[in-house]
């Protein structure tokens, strides 16, 4: 049976204009919190890789078969990539800030959708209460300001619930198809939404007598079709996914109350100080008042509201009371994921409970209405709605302090470097390259592989469409044959001193400060002039079969038994090819080995003609070694087959597997 609903007008004696102003103010507040200061957002490896896939799709470079990997090791559906690609269709939108604003916009719309659902079934006071608590909920805001797949969930979860209410409560059969399709979409956005599958199954049982099962069958079929991207991803990664599933199935399961604790945490906004990290959170807590009593009060409203919705539904069962039945759906939504994650064989994380937004606040809204309706005095009916206003105001204040704190303080182990600071070093990059005649950008940091290392993943996106290469400054320094702009990240990087020395007295060395205590980025222009020679030259005949030429070496430290030396191999790149590794064998005059250090070379897929490279190693000398002099046998092998690259003689014939350089004079 199709049922017609008349919107209630129980706020301020039916003042629709006042209600509209209140709704507009709440939605504007939600937008302010979610979209204000978008540069204060983390942009780490996961965000960068997801955004990179979305850029590839928006630029029609590739159609991804899968999204990025999940925390349990399974590949994600590409649905989140498709959703993030939507705003990037416009070329001027292709930057991380646009992605952050897109997430903020969708979550602002979720606040409006929360109001609409509550307004439809419980009236104005419940709707404004739920929308206000949702708009100001700290974790709901935090999870609306980041390029994460799971941050897309709330709006689609509300659409899924809204379609279910139309189908199950209002008896509109065609909406069941939308309900199933949206469930399929949610599971693909993030695997935590699989906890909603039992909810749909339970609703099918509860409302079975009023369903048109022909539409249920059609909806199931459409839901299966909607899972096609997930199926295609599974097919593409069948082997790896199968191994992961087998590993997960073999892990022992445990039953804990983690799901209750984490659902409480995300609902009431507890532990937001964790974003300040284990070193700085006390300083943050000292800067804010204790609002825990308000958070507990909010939690009491949620728990009480959920219990009330269950009780009201039981009391009104059989009466086809839409308000009571809708309340039952919300109460089941609130508890189903918590029960689902009671038993688990992988860790349970707070973001798994994004799928609960905003069920808790809808329950709180119902509680506020129930308390207000039962208040014995007239003034109490006006006092009760002040509670969510006070909770919301306190949460807004604390969140703004938190946002300022993480923007101005180093938070190791907590919130990452804001993307605005990472981007600052790249401003006017194209103009600088043209002005300085630079052919490329060298980013020197920790790691050189965007698929594995965090900083390269981030700057591979930020430097998109700018010629660039990555250098692991812990392992190498690269001097190209053409002018380049070099960006050196913060951290303990042996390459830093070499680049500063190569830049010489260049006045264009600039520092870009990060948050206090976090370090800085250095930007410089590298103009190779003449031959840069190593402090100690290698002997003649130091060319290898892959075209690499060992130019020389340098070292510092204690070249004595039990000592340690910082060892540098200077070399020129050859023909790109395999994954090359260096070996360094410290030997005595008789060739006996007393120390060894292997390590990756500067990756050959980054080699350019004329590159000169310094590779950094640390050699430990055995305490049993004889006294100096020592030599070092330097060679290259391919990995993982461990095949040595031959050293060539003057005629180009193999003449050994290593270049013997030294002796190392005492220092």
If I filter segment 403-426 down to residues being part of a helix (DSSP H, G or I) and touching a strand residue (DSSP E or B) at 6+ places or on another chain (Cβ under 7 Å), which single residue comes out as nearest to residue 286 (Cα to Cα)? 407
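Check 158, 153, 132 and return the single one that is over 15 Å from residue 362 (Cα atoms) and at pLDDT 95 or above. Full working, then the answer.
Numbers: 158 fails: over 15 Å from residue 362 (Cα atoms); 132 fails: over 15 Å from residue 362 (Cα atoms).
Only one candidate passes the filter, namely 153.
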Those residues of segment 302-323 which are buried (at least 20 other Cβ atoms within 10 Å of the Cβ) and free of Cβ contacts under 8 Å to residues at least 24 places away in the same chain amount to 313
Examine segment 553-563 for a residue that is surrounded by fewer than 20 Cβ atoms within 10 Å (Cβ to Cβ), at pLDDT below 95 and closer than 30 Å to residue 460 by Cβ, and state whether such a residue exists. no
If I filter segment 19-32 for residues that are surrounded by 21 or more Cβ atoms within 10 Å (Cβ to Cβ), farther than 20 Å from residue 120 by Cβ and at pLDDT 85 or above, do I get at least one hit? no
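Pick out the one residue from 577, 562 that is touching a helix residue (DSSP H, G or I) at 6+ places or on another chain (Cβ under 7 Å), outside any strand (DSSP E or B), over 21 Å from residue 494 (Cβ atoms) and assigned by TED's automatic domain parsing to the domain that holds residue 638. Write out each step before concluding.
Values: 562 fails: touching a helix residue (DSSP H, G or I) at 6+ places or on another chain (Cβ under 7 Å).
Testing whether each residue is touching a helix residue (DSSP H, G or I) at 6+ places or on another chain (Cβ under 7 Å), outside any strand (DSSP E or B), over 21 Å from residue 494 (Cβ atoms) and assigned by TED's automatic domain parsing to the domain that holds residue 638 leaves just 577.
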For segment 43-52, state whether one or more residues are out of contact with any helix residue (DSSP H, G or I) (no Cβ under 7 Å at 6 or more places or on another chain), crowded, with 21+ Cβ neighbours inside 10 Å and assigned by TED's automatic domain parsing to the domain that holds residue 184. yes
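Which one of these is within 24 Å of residue 658 (Cβ to Cβ) and either surrounded by 16 or more Cβ atoms within 10 Å (Cβ to Cβ) or in contact with a strand residue (DSSP E or B) (Cβ under 7 Å, 6 or more places away or on another chain) (or both): 528, 534?
Details: 528 fails: within 24 Å of residue 658 (Cβ to Cβ).
Exactly one residue qualifies, and that residue is 534.
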Criterion violated by residue 290 - all others in (1) modelled with pLDDT of 95 or more; (2) more than 30 Å from residue 197 (Cα to Cα) satisfied: (1)
Scan segment 53-81 residue by residue and report those that are surrounded by 17 or more Cβ atoms within 10 Å (Cβ to Cβ), over 14 Å from the mean Cα position of the chain (by Cα) and in contact (Cβ under 8 Å) with a residue 60 or more places away in the chain. 55, 66, 74, 75, 77, 78, 79
In this structure, is residue 569 surrounded by 14 or more Cβ atoms within 10 Å (Cβ to Cβ), under 28 Å from residue 441 (Cα atoms), at pLDDT 95 or above and not assigned by TED's automatic domain parsing to the domain that holds residue 442? yes
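If you check 338, 330, 314, which single one turns out to be assigned by TED's automatic domain parsing to the domain that holds residue 162, part of a helix (DSSP H, G or I) and out of contact with any helix residue (DSSP H, G or I) (no Cβ under 8 Å at 6 or more places or on another chain)?
Details: 338 fails: out of contact with any helix residue (DSSP H, G or I) (no Cβ under 8 Å at 6 or more places or on another chain); 330 fails: out of contact with any helix residue (DSSP H, G or I) (no Cβ under 8 Å at 6 or more places or on another chain).
When all the criteria are applied, what remains is 314.
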Consider residue 293 against the criteria (1) loosely packed, with under 15 Cβ neighbours inside 10 Å; (2) touching a residue at least 24 places away in the same chain (Cβ under 8 Å): it satisfies all of them except one. Which criterion is unmet? (2)
Can you tell me which of (1) touching a residue at least 60 places away in the same chain (Cβ under 8 Å); (2) closer than 25 Å to residue 32 by Cα; (3) surrounded by fewer than 20 Cβ atoms within 10 Å (Cβ to Cβ) is the one residue 299 doesn't meet? (1)
Hey, residue 176 surrounded by fewer than 24 Cβ atoms within 10 Å (Cβ to Cβ) and in the same structural domain as residue 151 (by TED's automatic domain parsing) or not: no
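The values are calculated or read from the model by the stated rules, or taken from the named source; none is laboratory data. Given the structure is predicted, the values throughout are model-derived calculations rather than measurements. Positions of Cβ are generated from backbone atoms using ideal geometry, with glycine treated the same way; all protein chains shown enter the neighbour counts.
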